[in-house]
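Here's the structure we're looking at; comments come further down.
The values are calculated or read from the model by the stated rules, or taken from the named source; none is laboratory data. All of these numbers come straight from a predicted model, not from anything done at the bench. So basically every Cβ, Gly included, is an ideal-geometry build from the backbone, and we count neighbours across all protein chains shown.
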Amino acid sequence: MNQKQIKLFLFSIFLALSFCVDMRSAFAAADDDYNFSWLDPDKKIYVLQNRKFRKAQSAQIFVLGGMGLGETYRKAFQYQTRLAYWFNEDFGLEAFYTGRSNTENGAYGSLARALGSGTSPYIREVNNQFGVLFNWAPWYAKINVFNSILYFDWYFSMGAGSMGTEVGPKTKAEIASQWKTENLFAVYLGTGHLFHLSERFMVRLDFLAHFYSAAIDGGNSATGASNDKAIFSNTSLNLGIGLKL
C-alpha cells in the first residue's frame, strides 16, 4: 500500500467516524426533545396555549336577543343587557337585565279550542328578570373557521336574582281581573361562548336557565286556587355582541 492509498484509507475512516458521531448526536437530540424520562417522575409537563385576546381586569358590555325555551303555553322573546367585570382570565362577575314579551303558542290554542268557554290552567308569564352571575371560564381555545383563526372562551355561570311575573287563567285580555303580579326569587345557571373578533369586539352565545318556587296554579284564594308550591324552571338562548370597555 503506497502513501496515497494510506491517506485515502485514513480519510475514509475519518468520514465514517464523523458520520457515526453526527448520527449519535441526532438521535440524542431527538431523545432530548421528546423523551422526558430523565425528569423527576413527580413532575408534570403541560402545553399552555398563549392568549391573543385578554379580558383580565377589564369590563365588558353586551346586548343580546333571543327566545325562551320550554314555555308551556307561551312564546317568549327577549332582549338582554349585561355588564361584566373579569378579575382575571378565569373568574368574573356580571349583572344583567332581561325584558320579555309573551304571546300565545300553539299548545295554548289547542287547549283553548278543547276547553271552549270553560276554565283553563293558570299561566305564568315572565315579564322581566334581573340577576347577578358569577362566571368561570376554564377553557380558552382557537378554531379554524374558513381559513381564519377564531379565538373563544367557554364559560359557566351561576347566580341569583328576581323575576317580575304575572299569573292568571286564559289571557289578560279575557279575564284581566283574575291576573296578579308576583316578584319571585330565582336561581340562575348558564353556560356560553365568547368569540373574540378583535381586541375590543366579541360575539356571544349564551344559554341561561332560571329556577324558582311558586304556587302551582297561581295561589289566588279569590278564585279557589291552591297555595301548594313547586319548583319551576325555564331556559333561554341568546345571541349578541359585546364591547370591551
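Under the condition of being in contact (Cβ under 8 Å) with a residue 40 or more places away in the chain and assigned to a strand (DSSP E or B), the residues counted in the stretch 162-181 number 7.
Can Glu174 be described as acidic (Asp, Glu) and loosely packed, with under 14 Cβ neighbours inside 10 Å? Answer is yes for this residue.
Can you go through Gly131, Gly92, Gly106 and tell me which one is surrounded by fewer than 14 Cβ atoms within 10 Å (Cβ to Cβ) and assigned by TED's automatic domain parsing to the domain that holds Gly168? Selected residue: Gly106, the only one of Gly131, Gly92, Gly106 that is surrounded by fewer than 14 Cβ atoms within 10 Å (Cβ to Cβ) and assigned by TED's automatic domain parsing to the domain that holds Gly168. Restricting to the stretch 152-186, and then to whatever is out of contact with any Leu (no Cβ under 9 Å at 6 or more places or on another chain) and of a type in the set (Ser, Thr, Tyr), can you tell me which residue is farthest from Gly92 (Cα to Cα)? In this case the residue turns out to be Ser177.
Which of the residues that make up the stretch 191-212 are in contact with a Phe, Trp or Tyr (Cβ under 8 Å, 6 or more places away or on another chain) and surrounded by fewer than 14 Cβ atoms within 10 Å (Cβ to Cβ)?
Looking only at the stretch 191-212, we keep the residues that are in contact with a Phe, Trp or Tyr (Cβ under 8 Å, 6 or more places away or on another chain), and these are 191-196, 198-199, 202-205, 208-212.
Result: Ser198, Glu199.
Scan the stretch 189-220 for residues that are within 24 Å of Thr103 (Cβ to Cβ) and not hydrophobic (A, V, I, L, M, F, W, C) and the total you get is 6.
Hey, any hits in the stretch 116-128 for a residue that's in contact (Cβ under 8 Å) with a residue 12 or more places away in the chain and more than 27 Å from Ser177 (Cβ to Cβ)?
Looking for residues that are in contact (Cβ under 8 Å) with a residue 12 or more places away in the chain and more than 27 Å from Ser177 (Cβ to Cβ), one finds none in the stretch 116-128, hence no.
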